[in-house]
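Presented below is the structure to which this report refers.
Please treat every number below as a calculation from the coordinates, not as lab data. Please read these numbers as outputs of a predicted model, since none were measured by experiment. In this analysis, Cβ positions are derived from the backbone assuming ideal geometry, glycine residues included, and neighbour counts consider all displayed protein chains.
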Amino acid sequence: MHIHGLIEDSAALANLCTRLAQSPFVCVDTEFMRESTFWPELCLIQIADENEAAAIDPMLPGIDLQPLLDLLVNNEDVLKVFHAGGQDIEIIYNLTAKTPHPLFDTQIAAMALGQGEQIGYSNLVDSWLGIQVDKGARFTDWARRPLETRQVDYAIGDVTHLAKIFPKMLARLKTTGRGAWLDQEMERIADPANYANDPDLAWKRVRIAGRKPEVLGRLKSLARWREMEARGKNLPRGRIVKDETLADLASHPPKKQSDLARVRGLSATWAGNDIGGRLMAALEDAKPLGSAEMPPRDDRKPGLGKDGALVADLLKLLLKIRSRDIDVASRLLARSEELEALAAGQRDGLSILEGWRYDQFGHEALDLVEGRLAFAVVNGKLRMTRTEETAS
């Protein structure tokens, strides 16, 4: 594989992208900083196919990233390969309002191959290539210039290793017949809705006790206000107001701006400054949350009930057994909320009752809930038995 030096020239980048556009896949990674900003600061982009690899400096004034962005979000003929790519995809979405497609995430693929729920990149490289990744530059300041050679070498290694792992992983998936299992998951992480960051939905990320529509309405308005403040100032949300303070303001709203001086977590200056005035305006504009927006109740309280909760626990035990038997990460088969919904009587809209998940796990889960399957201990080992066979 040919390793280019750091690409700092628009023409060189365009030529690279022209060549990569002929490849069946490219591996992509980014380095960024986001500790002190709302928007992640893109500091480096790494890309590779089976023949060549490069790192691109996006911080250089005047460099034209458009050929690279076109390759990532507008070229449907090239598969984009990431490892745990959620934050990388978010950055690309922020730049283009699109997500890379089609895409493949090796961390999710590893779940189908029995390598755990969230295998880290270093462990992935070790298990597939027998290479120990040097983590010396992992926590470097990627925004500082000039970049050192060791930093660039470390960063490019992320995609050169991935370019060797992906074909091996793909071959294993074909051998096991599990490639189709991943299609739904890959489409899910490629969904632009996951990265849109709608300010009107920001309240859903804040934990708050209770379900009063007026409290949740104030939380929605406050969370939207904080989102816009953080974006405008390019500061982390918590640097504007922390979640717990936001929840407290929604539950116990101040009657006038001067009361903000007594709110824990706010500066006393907010009692008379502009940002405090904007916070109060958000409270004044708040309306009780409509029934269509109210969050669903926890199925365990009271819809699931005590017996239903026990059934859900049995389903989770069945999931562990089945995941062990077929050597796949349990989270790829089913999520806890789906098991609880099944135990509560829901049948429609559950992915475990569709497609490969139904074949591998869902039909047994349904049999357990509906009394056709039971647990038994045979020769000291936990087994599943058919109740019809037991009865006969």
Task: For PHE25, residues with placed amide H under 5 Å, excluding near neighbours - done: LEU79
Task: Evaluated over the range 88-154, the Cα radius of gyration and Dmax, each in Å - done: 15.3, 41
Task: Inter-site label distance for LYS256 and LEU382 at 7 Å from Cα along Cβ, in nm - done: 6.2
TODO: For the range 2-195, count the residues as N, evaluate 2.2 N^0.38 Å, and divide the Cα radius of gyration by that value, please.
DONE: 0.98
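Give the shape of the chain as rounded, prolate or oblate, defined through the alpha-carbon gyration tensor: a ≥ b ≥ c are the square roots of its eigenvalues, a/c under 1.5 means rounded, and otherwise the shape is prolate if a/b is larger than b/c and oblate if not. Don't jump to the answer; show the numbers that get you there.
Working: a/c = 2.33, a/b = 1.03, b/c = 2.25.
Cα axes put the chain in the oblate bin.
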Task: Inter-site label distance for ARG264 and GLU8 at 7 Å from Cα along Cβ, in nm - done: 5.2
TODO: Find the all-direction average of the projected area of the Cα convex hull for the range 113-221, expressing the result in square nanometres with one decimal place.
DONE: 11.4
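Determine, for each peptide in 198-207, 356-365, the mean count of other beta carbons within 10 angstrom over its residues, then list the peptides with the highest first. Before the final figure, lay out the partial values.
Values: 198-207: 15.0, 356-365: 19.2.
Result, highest mean first: 356-365, 198-207.
If you take the beta carbon distance between ASP126 and ARG324 as r and set R0 to 22 Å, what does 1/(1 + (r/R0)^6) give as a FRET efficiency, to the nearest 0.05? Please report the intermediate quantities before stating the final value.
Values: r = 23 Å, r/R0 = 1.04.
Given R0 = 22 Å and the Cβ-Cβ separation, E is 0.45.
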Open item on the list: Report the Cα centroid-to-centroid distance between the range 47-103 and the range 198-241 in angstrom, as an integer.
Closed with: 30
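Give me the net charge of ALA12's neighbourhood, meaning all other residues with Cβ under 13 Å from the Cβ of ALA12; Lys, Arg count +1, Asp, Glu -1. Before the final figure, lay out the partial values.
On the way: positive: ARG19; negative: GLU8, ASP9, GLU52, ASP57, ASP64.
That sum, taken over residues with Cβ under 13 Å, equals -4.
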Task: In order through the range 214-229: 3J(HN,Hα) via Karplus (6.51 cos²θ - 1.76 cosθ + 1.60), integer Hz, x for Gly, Pro - done: 5, 5, 5, x, 5, 4, 4, 5, 5, 5, 5, 4, 5, 4, 5, 5
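What percent do you get for the relative contact order of the chain when only Cα pairs under 8 Å and 6+ apart count? Intermediate values should be presented prior to the final figure.
Numbers: 516 pairs, mean separation 50.8, N = 392.
Across the chain, relative contact order equals 13 percent.
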Task: Computed E for ASP200/ALA309 - FRET, C-beta separation, R0 30 angstrom, nearest 0.05 - done: 0.35
Open item on the list: Over the Cα atoms, compute the radius of gyration (one decimal) and Dmax (the largest Cα-Cα distance, rounded to a whole number) for the range 199-285, in Å.
Closed with: 11.8, 32
Task: Along principal axes, Cα extents of the range 305-391, largest first, whole Å - done: 37, 31, 21
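Can you give the FRET efficiency for GLU244 and GLN346, using 1/(1 + (r/R0)^6), R0 = 30 Å, r = Cβ-Cβ distance, to the nearest 0.05? Walk me through the intermediate numbers first.
Details: r = 33 Å, r/R0 = 1.10.
With a Förster radius of 30 Å, E is 0.35.
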